[in-house]
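Peer 1: Would you mind keeping the following structure in view while I ask a few things?
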Amino acid sequence: ATPVSVAVSAPVGANLLANPGFEEGGPMTLGRMGDTGSAAGWRWLFASPTQSYVWVESGFDIHPECGLPQPRTGKDAERTHTDGQGHTVLYQEVAAKPATAYRASVWARAADLHGKGFGATAGDSAGLIILELGADGRVLADHGKVGVTQACEYTELIREFTTKPNTARIRFVLDTVIGGRYDEGHVTYDDCSLVAAP
């Protein structure tokens with residue numbers, strides 16, 4: 001018998017993201033403008049000149065001054081905060097089917113610890129951006145940011161879309177802009193999902 005290679009696609013309704021709830025860990029790093037890297041299925045980009053942080057939520061059990069860990073489900077989530085005026089980007093890219101309906105979502109919690117945290121600075125926003133990419137990596141569609149601009153408990157952010165006929169990949173982006181310092185506020189993400197609609 002001759003071995004045959006067959007591509008197997010994920011079943012409809014299966015989560016296409018790796019480590020979607022950060023239960024396998026997550027980025028634990030700090031940086032500023034242009035610093036990039038990857039860990040535990042996620043990539044990051046620091047997009048502001050001031051120092052910012054992306055760190056697993058469980059790491060804050062020894063830093064109560066920054067707010068104790070509050071994952072939505074499971075034992076972990078991913079938090080981002082800053083020394084002030086920060087902008088962080090966490091993302092994944094996955095293979096996509098053209099002309100197919102998808103549903104993307106994330107649960108986000110934005111914290112204002114003492115009245116000067118998330119939502120106290122104009123421009124604060126935390127949310128989900130979906131980009132469709134062609135085979136050459138060019139952005140074919142930007143579905144815009146669905147997010148929150150004020151402190152809130154865990155809120156589900158959802159984007160439903162249908163890919164273009166030439167879409168090859170989807171970039172799932174968690175984009176955070178926060179003016180207040182780490183001891184004033186932060187944003188935590190948990191339970192990310194990207195599924196093909198039935």
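Peer 1: From the list D191, D142, exactly one residue is at positive phi, open to solvent by 20 Å² or more (accessible area, probe 1.4 Å) and either part of a strand (DSSP E or B) or touching a Cys at 6+ places or on another chain (Cβ under 7 Å) (or both). Which is it?
Peer 2: Answer to the check: D191.
Peer 1: Among the numbered criteria (1) within 30 Å of A168 (Cα to Cα); (2) open to solvent by less than 40 Å² (accessible area, probe 1.4 Å); (3) not in a strand (DSSP E or B); (4) not aliphatic (A, V, I, L, M), which single criterion is violated by D76?
Peer 2: Of the numbered conditions (1) within 30 Å of A168 (Cα to Cα); (2) open to solvent by less than 40 Å² (accessible area, probe 1.4 Å); (3) not in a strand (DSSP E or B); (4) not aliphatic (A, V, I, L, M), the odd one out for D76 is (1).
Peer 1: Regarding the stretch 45-52, can at least one residue be identified that is modelled with pLDDT under 95 and either out of contact with any strand residue (DSSP E or B) (no Cβ under 7 Å at 6 or more places or on another chain) or in a strand (DSSP E or B) (or both)?
Peer 2: no
Peer 1: Right, here's the next one. If you go through the stretch 70-81 one residue at a time, how many are closer than 18 Å to K145 by Cβ and out of contact with any Gly (no Cβ under 6 Å at 6 or more places or on another chain)?
Peer 2: Number satisfying all stated conditions: 1.
Peer 1: Name every residue in the stretch 74-127 that is farther than 21 Å from P64 by Cβ and of a type in the set (K, R), in order of residue number.
Peer 2: K97, R103
Peer 1: Tell me, which residue of the stretch 88-118 that is among the small types (G, A, S) and open to solvent by 10 Å² or more (accessible area, probe 1.4 Å) is farthest from Q51 (Cα to Cα)?
Peer 2: A99
Peer 1: Can you find a residue in the stretch 26-33 that is in a loop (DSSP other than H, G, I, E, B) and among the basic types (K, R)?
Peer 2: We begin by selecting, within the stretch 26-33, every residue in a loop (DSSP other than H, G, I, E, B); these are 26-28, 32-33.
Restricting the remaining residues to those that are among the basic types (K, R) gives 32.
Yes: the stretch 26-33 contains one or more residues that are in a loop (DSSP other than H, G, I, E, B) and among the basic types (K, R).
Peer 1: Right, next: Collect the residues in the stretch 103-139 that are part of a loop (DSSP other than H, G, I, E, B), within 17 Å of H81 (Cβ to Cβ) and not hydrophobic (A, V, I, L, M, F, W, C), keeping them in residue-number order.
Peer 2: Listed by number, the residues that qualify are H114, G115, K116, G117, G119, T121, G123, D124.
Peer 1: In this structure, does A10 turn out to be in a loop (DSSP other than H, G, I, E, B), open to solvent by less than 60 Å² (accessible area, probe 1.4 Å) and modelled with pLDDT under 95?
Peer 2: yes
The values are calculated or read from the model by the stated rules, or taken from the named source; none is laboratory data. What you are looking at is a predicted structure, and each value in this text was computed from that prediction instead of being measured. Please note: Cβ atoms are built from the backbone with ideal geometry, for glycine as well, and neighbour counts cover all protein chains shown. Accessible surface areas use protein heavy atoms only, side chains included; no ligands, DNA or RNA. Shrake-Rupley method; radii C 1.70, N 1.55, O 1.52, S 1.80 Å.
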